[in-house]
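To keep things clear, I will list the structure first and then write my remarks on it.
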Amino acid sequence: MAKIKTAKQMERHLKGVSNHYRIQILLLIAEREKITLEDIVKTLKANEKTIGEHTRRLFQAGLINKKYRDKFVEHTLSPYGKEFVRFLKFLRTL
């Protein structure tokens, strides 16, 4: 049985996606699992520090996972991140 989230827990997830860069990052990770920070920066043509901060916030919100491989960090969607991507794709079509 699924555990019901509190309003505070839902707020954390919603704040996690409350930026256009974070939305773009989530959608990009959905397309390209295990994408590195460097590849995200190149694809979005944005500043590395900016994207690094946004991925940190997405991680804190529980929407992405990070796995350290040598000097690179691979990013994947968490189960909640996958649900948010589904919602974002639905929202895009309205």
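Computed quantities for the displayed model
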{"quantity": "Leading residue by the ranking (surrounded by the fewest Cβ atoms within 10 Å (Cβ to Cβ)) among those in region 37-62 that are part of a loop (DSSP other than H, G, I, E, B) and modelled with pLDDT under 95", "calculated": "G62"}
{"quantity": "In region 1-36, the residues that are farther than 21 Å from Y68 by Cβ and in a loop (DSSP other than H, G, I, E, B)", "calculated": "M1, A2, K3, I4, K5, T6, V17, S18, N19"}
{"quantity": "Meets criteria (surrounded by 16 or more Cβ atoms within 10 Å (Cβ to Cβ) and within 14 Å of the chain's Cα centre (by Cα)) for G16", "calculated": "yes"}
{"quantity": "Any hit, region 65-77, residues being at pLDDT below 95 and within 22 Å of K89 (Cβ to Cβ)", "calculated": "no"}
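The values are calculated or read from the model by the stated rules, or taken from the named source; none is laboratory data. Computed from a predicted structure; not experimentally measured. Please note: Cβ atoms are built from the backbone with ideal geometry, for glycine as well, and neighbour counts cover all protein chains shown.
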